[in-house]
Each structure stands twice: as structure tokens, then as C-alpha cells.
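Data first, discussion second: the structure below is written as C-alpha cells.
The values are calculated or read from the model by the stated rules, or taken from the named source; none is laboratory data. Computed from a predicted structure; not experimentally measured. Cβ coordinates were reconstructed from backbone atoms using ideal geometry, including for glycine residues, and neighbour counts include every protein chain displayed.
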Amino acid sequence: MVMIDHDRLFKELLSTFFVEFLELFLPDVMTYLEPDLIMFLDKEVFTDVTAGERYEADLLVQAQFRGEPSCFLIHVENQAKAQANFGKRMFRYFARLSEKYDLPIYPVVVFSYDQPKQAAASEFRVEFPDFRVLQFNYRVIQLNRLNWRDYLDQANPVASALMAKMQIAREDRPKVKAQCLRLLVTLRLDPARMQLISGFVDTYLNLTESEEQAFAEEVGRIESEEREQVMQIVTSWMRTGIEQGRREGEVSIVMRQLRRKVGELNPEVEAQVRSLELAQLEELSEALLDFEDVEDLTDWLRNLEGGE
């Protein structure tokens with residue numbers, strides 16, 4: 001089973017369409033933010049010594065107040081699974097970012113998990129029976145509590161992507177996938193941005209064989225001009241899938257051949273082989289016939305890197 005890198009997918013989506021994300025979910029912020037003066041800051045790494053864990057803040061943006069020289073930070077965290085005491089982690093991020101940058105911070109969490117569906121907490125408190133020391137609040141966007149139908153007519157690329165993670169009945173999955181693509185093609189984005197969103201949708205609405213048939217029927221109901229563009233996206237998915245299937249098959253063959261020729265590979269070398277493009281794998285499948293030991297393989301990989 002392929003593991004989905006949720007953090008990477010959401011970070012790519014939100015950093016590419018950050019203003020659109022604010023327009024969709026935090027329109028009040030847009031009334032006092034200068035949209036042309038947004039700057040993405042380097043990732044911040046936090047170590048929780050007590051828990052022995054290392055965390056990275058997902059997205060940190062410096063923004064400027066409209067009509068003023070002063071700035072503030074927007075910290076957006078994507079959370080792909082429910083976690084106890086998550087509010088405490090958000091507060092720790094807030095405290096450390098505040099200490100480092102000495103700027104006001106607007107904290108936001110996008111909860112993108114499927115379960116549970118009950119409302120997630122939006123605050124962290126420290127209090128005693130007679131005295132509340134702290135109440136820290138953060139904005140919550142909980143996708144599994146949002147109805148995808150409410151976003152059908154939003155001319156917003158983030159809506160076209162995130163509908164795939166909203167509250168969807170099982171039988172509606174093919175319809176939602178078709179509607180995500182219908183909305184996407186109406187936005188007239190450049191090919192790279194269109195591919196980013198269509199890939200996001202395909203990842204999170206990966207349909208079964210029976211659902212694919214229902215999806216095709218839903219696409220057939222889309223108006224003709226939009227339907228043609230949606231079919232172009234679907235065709236590109238099919239080509240990508242075929243190419244990926246060929247590549248995975250070639251990786252499997254090459255790995256078996258290498259083990260027989262030079263023995264087991266260390267994890268680093270194996271990772272290099274598995275990351276090769278299809279054409280490079282085909283070259284390696286021929287070159288390895290002359291290998292005598294693992295040094296021949298590492299030399300071949302080194303020469304490949306040098307030639308790039």
C-alpha cells in the first residue's frame with residue numbers, strides 16, 4: 001500500500017494558492033491583509049524533549065497589515081490524524097514563534113482526517129479551580145464537517161481540491177470527483193497548477209472499479225465544453241498510471257537482477273535505484289549484466305549523477 005505524504009500535498013496546495021485559501025476560509029483576514037506583500041518563511045523545527053519527538057511547522061507566512069508598515073505571521077498547520085493534546089502543541093508553536101519573531105501570530109489548523117467527525121477543539125487552557133492562567137485560541141478548519149455541495153459554485157482552486165476531503169457519502173465519491181474536475185476546468189489555470197490540483201483530487205478520491213464506472217457516467221453529464229477538458233485530465237491520469245505501472249515493474253525486475261548479481265544492497269543504494277526514471281532503469285538492466293560486485297553498481301550510479 002502506497003503511503004500518502006499528507007503534509008507535502010497540503011503544503012504544496014496551500015503555498016501555491018495561499019491567498020485563495022484565505023479568501024475561501026478566512027475572508028475576514030483578507031480585509032486587513034495586503035495580498036501582494038506575502039512572504040513564506042523557512043520551515044521551523046521544534047523538538048519536544050519530554051516526548052522525544054521532532055516537529056516541523058507546516059506553513060509560516062509573513063503578511064503585512066493593509067495600509068500599515070507593521071507585519072504579522074500566519075501559521076497554518078495541517079493535521080492528517082486526530083491527536084490527543086494537539087492544542088498544547090499548537091500553543092508551543094505559538095510561544096516559540098512569538099519568542100523568535102516578536103510579531104502577532106494568527107494560528108490556523110486544517111484538520112484533514114476522515115475520522116472522528118465530532119468537532120475538534122479550538123483552544124488550549126491552563127487553569128486552576130480559582131484562576132484561569134491561559135486560554136489560547138486557534139482557528140479550526142475541519143474538512144470532514146464541511147459539506148462538499150456548499151463549495152460547488154466557489155470559483156476557487158482550493159475549493160476544487162479540498163472538496164475531495166470534505167464530508168462525502170460513500171455513494172457520492174464518483175460524483176464529487178467529477179464535480180471537483182468540473183470546477184477545476186472552469187478556473188482556467190496554467191497547466192502546472194491544474195496538474196497540482198488534479199493530482200490532489202486523484203490521490204484523495206482514488207476510486208474502486210465500480211466507482212470508476214459511476215465516475216465516467218458523471219463526467220458524461222457535464223456540459224460538452226467542460227466535459228472535453230475533464231476528459232483530457234482523466235486521459236493524463238491514465239497515461240501517468242500506465243507509465244507508473246511500467247516503472248514499478250522495471251524496478252522490481254532490476255532489483256531481482258541486482259540481488260542475483262551483487263547480493264543484497266544497503267538501504268541508501270537501494271533507495272537510489274528505486275528513485276531512477278524508467279529510461280534509467282532500462283539502461284541499468286542492460287549495464288548490470290557486466291557487474292561483478294556492488295562497487296560496479298555504485299560506480300554506475302555515480303557516473304549517472306555526474307552526467308546529469
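Flag: Phe136 does not match the condition of being farther than 24 Å from Phe18 by Cβ, touching a residue at least 24 places away in the same chain (Cβ under 8 Å) and outside any helix (DSSP H, G or I). Screening Leu265 on (1) surrounded by 15 or more Cβ atoms within 10 Å (Cβ to Cβ); (2) assigned to a helix (DSSP H, G or I) shows it passes everything except condition (2). Counting the residues of the range 18-46 that are of a type in the set (A, V, I, L, M) and in a loop (DSSP other than H, G, I, E, B) gives 4.
Please verify whether the range 91-106 includes one or more residues that are farther than 27 Å from Met163 by Cβ and touching a Cys at 6+ places or on another chain (Cβ under 8 Å).
yes
Against the conditions (1) modelled with pLDDT under 95; (2) of a type outside the set (Asp, Glu); (3) over 23 Å from Leu13 (Cα atoms), Tyr93 satisfies every one except (3).
Which of the helices (runs of 4 or more DSSP H) contained wholly in the range 146-235 include at least 2 residues that are surrounded by fewer than 20 Cβ atoms within 10 Å (Cβ to Cβ) and touching a Pro at 6+ places or on another chain (Cβ under 6 Å)?
Passing ranges, in order: 209-220.
Screening Leu162 against (1) out of contact with any strand residue (DSSP E or B) (no Cβ under 9 Å at 6 or more places or on another chain); (2) in contact (Cβ under 8 Å) with a residue 12 or more places away in the chain leaves a single unmet condition, (1).
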